[in-house]
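S.K.: Structure incoming, see below.
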């Protein structure tokens, strides 16, 4: 089953509640991009915005922490209402961060940049709930999809299947109706899209179009 997680990074922050309401009927999760200006060259939002979103919607809040020191903020994100947090394997202390998220009752996500090989995440597969494979370099919305990452998605899907794991395979970056079939065909089942949804004249239909395109690539 294909699921769609609209990314609020591309939404109108001056009318964020209304933007979320527009896409909610086609949103399985809501993706929240958190950037610290250090791990990635951009600044976005933090726990106060998550708290405001939580008051507004019951959607599952999938928080992607593009941060050098995510461990310092996990408790704050949980208190704000995050359902899951994804930390980057590149920042290190993966075992400690996974343990902290488990202790807090958060869904445990592990994110991996395009240039980082899948093998960096393999040792942690049986300890996480979500593997987020980036199909752009994290930091800014609206980037072009990197097709060279598709084989990594396929490798991840195969490893998850072979181990019989209940791990959501999520992709983020340049996802739209043209690129969704490739990632779905490789095994991704949770598709994050920001500008392709919130930048469209009809965001609800844009989200539905991504779901249809991805579903058409399934066996």
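S.K.: Checking the structure you have, find out if any residue of the stretch 157-166 is under 17 Å from the mean Cα position of the chain (by Cα) and under 21 Å from residue 91 (Cα atoms).
M.R.: Filtering the stretch 157-166 down to residues under 17 Å from the mean Cα position of the chain (by Cα) leaves 157, 166.
Checking the rest, the ones that are also under 21 Å from residue 91 (Cα atoms) come to none.
Scanning the stretch 157-166 turns up no residue that is under 17 Å from the mean Cα position of the chain (by Cα) and under 21 Å from residue 91 (Cα atoms).
S.K.: Across the stretch 75-92, what is the number of residues that are in contact with a strand residue (DSSP E or B) (Cβ under 7 Å, 6 or more places away or on another chain) and over 18 Å from residue 131 (Cβ atoms)? Break it down stepwise before answering.
M.R.: First, the residues of the stretch 75-92 that are in contact with a strand residue (DSSP E or B) (Cβ under 7 Å, 6 or more places away or on another chain): 77, 81-89.
Keeping just the survivors that are over 18 Å from residue 131 (Cβ atoms) gives 77, 81.
Residues meeting the conditions: 2.
S.K.: Within the stretch 138-152, does at least one residue satisfy the condition of being in contact with a strand residue (DSSP E or B) (Cβ under 6 Å, 6 or more places away or on another chain) and under 15 Å from residue 190 (Cβ atoms)?
M.R.: Checked the stretch 138-152: no residue is in contact with a strand residue (DSSP E or B) (Cβ under 6 Å, 6 or more places away or on another chain) and under 15 Å from residue 190 (Cβ atoms).
S.K.: Just give me the residues in the stretch 18-45 being without any contact (Cβ under 8 Å) to a residue 40 or more places away in the chain, farther than 22 Å from residue 184 by Cα and part of a helix (DSSP H, G or I), in sequence order.
M.R.: 18, 20, 21
S.K.: Within the stretch 187-212, how many residues are in a helix (DSSP H, G or I) and crowded, with 17+ Cβ neighbours inside 10 Å? Steps first, please.
M.R.: Of the stretch 187-212, the ones in a helix (DSSP H, G or I) are 195-198, 203-212.
Imposing the further condition that a residue be crowded, with 17+ Cβ neighbours inside 10 Å reduces the set to 195-198, 203-204, 206-211.
Here the count works out to 12.
We did not get these values from a lab; they are worked out from the coordinates using the rules stated. Here the structure is a predicted model, which is why all the values come from computation and not from measurement. Counting neighbours? That spans all protein chains shown, and the Cβs are built from the backbone with ideal geometry, glycine included.
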